[in-house]
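Trainee: One structure, pasted below without further comment.
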Amino acid sequence: MAFFILSYVTVALQSGLTPFLRVGSSEPSLALLAMVFITINAQRQAALLGAFILGAMLDLATRQPFGLFALSYGLAALAVVWAARSVHRDHPLTHFFCALLAGAITAMTLLAHARMRHESLTASAAFAGVLYTALLAPFLIGPLQKAKRLFSFQKRAP
Amino acid sequence: MSGLRFQHVFLALMSAAFLCAFVLPPGLTDSARLGAEGLFNPLSYPIRRVALSLDEHLEQPRKSDVIDAQSLADENDQLRQEVARLAAGVENLQRLEGERQTLGDLKSLCVRVPVAGADAGGRDALFLSMPRTAGAVRENPVLYSGGLAGRLEASRWNTGSASGARVRLITDEGFAVTGAFIRFTNVNGVITPARLASPAPLVQGLGGGKLGVVGMTWADCVRARIAKGDWVILDDSLWPRAVQGVRLGRVVSVAPLASSALFADIRLSPDADLTRLADVWVMAGI
């Protein structure tokens, strides 16, 4: 339940706030940060499924083709789950680098899609947004980590 | 769920997402999600209102003057837009003699709708918070105080269900309309709009709040003397007659295209950041 509330609130926040958080042409992705928070804390299967569902919810609030964010968040979650096995989950640098990794994979998926559809999304614009999101990660995932008991994450198998 | 079974489920979900995103035509999957366009409005709407009021407070400190220079400039701008639209309307009337036209105040044909949110995935679109209003349907024009904002893409208004709607903004990548260049000139103390003699420009959204004119040759551009500050108004037979002449944007730069000097690179700017609009006017009575 807490997961669905977090996902809903995050997507609504992103839809309501994004134009006001824009710096130049780069926008932060709050949904990506929520995905990283879930992925570094939840068990592998729950993390992958959660990231996919969050991506699908984001697909409902955009003009991008349906499934694009579900796919990219699913791929990003695979990488973050693998990377988060051997890191300190509460450390701000972990949040920064996991957001950077997830953002890079999402950006590459969006770029591949843009190239295929002959759209003009540039790598520099996409990665500027990734960097912006990653810089916000310690400030937003940090407080969420303090409230992670609400999400009843199960301990991961060693 | 066993690990093996989960892998199969996850692989099936990812394959379905890949098919939807990369293989199937976007229109096919888009129609399936149109019913959910207002899903996030209950929360994104108040968040946006708070953000808008903070933004206004931070960017435009209040002035004590009853009529300040900005108000006068805004009023002047509104009047020029009305003149441009009416001039285009008169041209239409002359061209289509005998046919009845509607050239009244545009707002009387529109329903004012608050904006609940912007596109969360980097495209130029708005989500509207909908009343139970009849008359506005898919593809209807959407206006704002500075001109044309875009086109209604999805709506359930006609079904009578309270829901949301999505507007594709004119700055969204691939959005295309034809227009006309106009310039305001002072003739004996009277400001009049004059249409520039150029081939009809194809105005295209470039994404990220940008607009451009594509496919115009540099020779045509020089011949028409297109310059910074000129307006581009809507002149597209595929759009309702009532919105012909509505402003699309102002010319902000004119130069030969870097990749091909034979063509012109004309950039336009809408009157406002369309993703930050608080309200829009949806044409309903057409």
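Trainee: Name the residues in region B:249-271 that are outside any strand (DSSP E or B) and crowded, with 19+ Cβ neighbours inside 10 Å, would you?
Mentor: The initial filter retains those residues of region B:249-271 that are outside any strand (DSSP E or B), namely B:257-262, B:270-271.
Across region B:249-271, the qualifying residue is only B:270.
Trainee: Something else about it: Under 7 Å by Cβ, and 6 or more places apart or on different chains, what pairs join a residue from region B:109-125 that is within 15 Å of residue B:52 (Cβ to Cβ) and more than 7 Å from every other protein chain (Cβ to nearest Cβ) with one that is among the small types (Gly, Ala, Ser) and buried (at least 24 other Cβ atoms within 10 Å of the Cβ)?
Mentor: B:116/B:44; B:116/B:164
Trainee: For the list (1) within 7 Å of chain A (Cβ to nearest Cβ); (2) part of a helix (DSSP H, G or I), I need the number of the one condition that residue B:19 fails.
Mentor: Of the numbered conditions (1) within 7 Å of chain A (Cβ to nearest Cβ); (2) part of a helix (DSSP H, G or I), the odd one out for residue B:19 is (1).
Trainee: Filter the helices (runs of 4 or more DSSP H) completely within region A:21-91 down to those with at least 2 residues that are buried (at least 24 other Cβ atoms within 10 Å of the Cβ) and either without any contact (Cβ under 8 Å) to a residue 24 or more places away in the chain or within 8 Å of another protein chain (Cβ to nearest Cβ) (or both).
Mentor: Where helices (runs of 4 or more DSSP H) fall fully within region A:21-91 and carry at least 2 residues being buried (at least 24 other Cβ atoms within 10 Å of the Cβ) and either without any contact (Cβ under 8 Å) to a residue 24 or more places away in the chain or within 8 Å of another protein chain (Cβ to nearest Cβ) (or both), they are A:44-59, A:68-83.
Trainee: Answer yes or no as to whether residue A:100 is part of a helix (DSSP H, G or I) and either within 14 Å of another protein chain (Cβ to nearest Cβ) or more than 30 Å from residue B:55 (Cβ to Cβ) (or both). Before the answer, list the steps.
Mentor: On the way: part of a helix (DSSP H, G or I): yes; either within 14 Å of another protein chain (Cβ to nearest Cβ) or more than 30 Å from residue B:55 (Cβ to Cβ) (or both): no.
No.
Trainee: Something else about it: Scan region B:37-46 and give yes if some residue there is more than 9 Å from every other protein chain (Cβ to nearest Cβ), over 16 Å from residue A:72 (Cβ atoms) and at pLDDT 90 or above, otherwise no.
Mentor: Going residue by residue through region B:37-46, those that are more than 9 Å from every other protein chain (Cβ to nearest Cβ) are B:38.
Filter once more, so that each one left must be over 16 Å from residue A:72 (Cβ atoms): B:38.
Now restrict to residues that are at pLDDT 90 or above: none.
So far as region B:37-46 goes, no, none of its residues is more than 9 Å from every other protein chain (Cβ to nearest Cβ), over 16 Å from residue A:72 (Cβ atoms) and at pLDDT 90 or above.
Trainee: From the list B:261, B:200, B:278, which residue is farther than 30 Å from residue B:54 by Cβ and either within 22 Å of the chain's Cα centre (by Cα) or hydroxyl-bearing (Ser, Thr, Tyr) (or both)? Steps first, answer last, please.
Mentor: Working: B:261 fails: either within 22 Å of the chain's Cα centre (by Cα) or hydroxyl-bearing (Ser, Thr, Tyr) (or both); B:278 fails: farther than 30 Å from residue B:54 by Cβ.
Among B:261, B:200, B:278, only B:200 is farther than 30 Å from residue B:54 by Cβ and either within 22 Å of the chain's Cα centre (by Cα) or hydroxyl-bearing (Ser, Thr, Tyr) (or both).
The values are calculated or read from the model by the stated rules, or taken from the named source; none is laboratory data. Treat the numbers as computed from the prediction; the structure is a model and nothing was measured. Note that we place each Cβ from the backbone using ideal geometry, even for glycine, and neighbour counts take in every protein chain shown.
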